[in-house]
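Supplied in structure tokens, the structure appears directly below.
Every read-out reported here was derived from the displayed coordinates using simple, explicitly stated rules and does not represent laboratory data. These figures come from a predicted structure and were not determined experimentally. Every residue, glycine as well, gets a Cβ built from its backbone with ideal geometry; the counts of neighbours run over all protein chains shown.
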Amino acid sequence: GQQVMQIPQYQHVQEGEDFTTYCNSSTTLSNIQWYKQRPGGHPVFLIQLVKSGEVKKQKRLTFQFGEAKKNSSLHITATQTTDVGTYFCAGRGSNDYKLSFGAGTTVTVRA
Amino acid sequence: DAGVIQSPRHEVTEMGQEVTLRCKPISGHNSLFWYRQTMMRGLELLIYFNNNVPIDDSGMPEDRFSAKMPNASFSTLKIQPSEPRDSAVYFCASSWWGFSGRVEETQYFGPGTRLLVL
């Protein structure tokens, strides 16, 4: 079945620095979603990408969908303490009816 | 809209006891998902319902787990008998998804039930 892999598993960032987390699929995806889970909270939808090469921005967050629709990235600039949490990508294959979630990247921020 | 509602929010029980987790999806959504989250295994999909019908229960760990969705506004996940290794956070999520291939399928998660089996 389809698998969605995320790297890195953990990201320790100095406040103010940038970082990127990556998501890779073994198969072509029809779409990819990103979720954020704060410590002690539940996953909350951030964004969905559908088109090949699509780039979307939300303030300091930049999301990209690869040309082959097999990978995606989330780039955060000028990291703040509010960015702490686990970021999940979730993708659905062209012939799948369900999303497959990656293992997540857990981000901690050093003030 | 109140979002996805789960109850109880916390449950502590003893090994061997029956545990029932409840979920009320967002009105109008036709898909419901039960997930389990642990540090070791991450977020695991247990079962997926579409229009109240179980579509995929391949993630259900074993026969001790069962899930029902008697109507569009209510679902339960039951563990009987419970074991310490069942301790986890259980999330219910709902979405709208159509067989026509609609891509707007954002999953809305409930706050979760934190289960501890002693």
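Pairwise over distinct Cα atoms, reciprocal of the mean inverse distance: report the Kirkwood radius of chain A in Å, one decimal place.
After inverting the mean inverse Cα-Cα distance, the result is 13.9 Å.
Direction-averaged shadow area of the convex hull around the Cα atoms of the range A:64-111, nm²?
4.2
Which of A:K69/B:K24; A:K36/A:K69; A:K56/B:K68; A:K59/A:K98 have a Cα-Cα distance over 32 Å?
Numbers: A:K69/B:K24 34 Å; A:K36/A:K69 21 Å; A:K56/B:K68 38 Å; A:K59/A:K98 29 Å.
Pairs exceeding 32 Å: A:K69/B:K24; A:K56/B:K68.
Describe numerically, in nm with one decimal, the distance between label points set 7 Å from Cα along Cα→Cβ at A:S30 and at B:S58.
My value for the distance between the label points is 1.6 nm.
While we're on this one: If you take the Cα atoms of the range B:1-98, find Rg, then find the Kirkwood Rh from the mean of 1/r over all pairs, what is Rg/Rh? Show your work: numbers first, answer last.
On the way: Rg = 13.0 Å, Rh = 13.7 Å.
Here the Rg-to-Rh quotient is 0.95.
Could you tell me the relative contact order of chain B? Use alpha-carbon pairs under 8 Å, at least six residues apart, and round to a whole percent. List each step's numbers first, then the result.
Working: 290 pairs, mean separation 42.7, N = 118.
Once normalised by length, the contact order is 36 percent.
Find the Cα radius of gyration of the protein assembly as shown, compare it with 2.2 N^0.38 Å by division, and give the number to two decimals. Walk me through the numbers on the way to the answer.
On the way: Rg = 17.8 Å, N = 229, 2.2 N^0.38 = 17.3 Å.
Normalised by 2.2 N^0.38 Å, the Cα Rg of the protein assembly as shown equals 1.02.
Could you please report the charge total around B:F91, scoring K, R as +1 and D, E as -1 over all other residues with beta-carbon less than 13 angstrom from its beta-carbon?
+3
Over chain A, what is the mean sequence separation of C-alpha contacts under 8 Å (at least six apart), divided by residue count, expressed as relative contact order in percent? Can you show the working numbers first?
On the way: 288 pairs, mean separation 41.4, N = 111.
Averaging sequence separation for qualifying contacts and normalising by length gives 37 percent for chain A.
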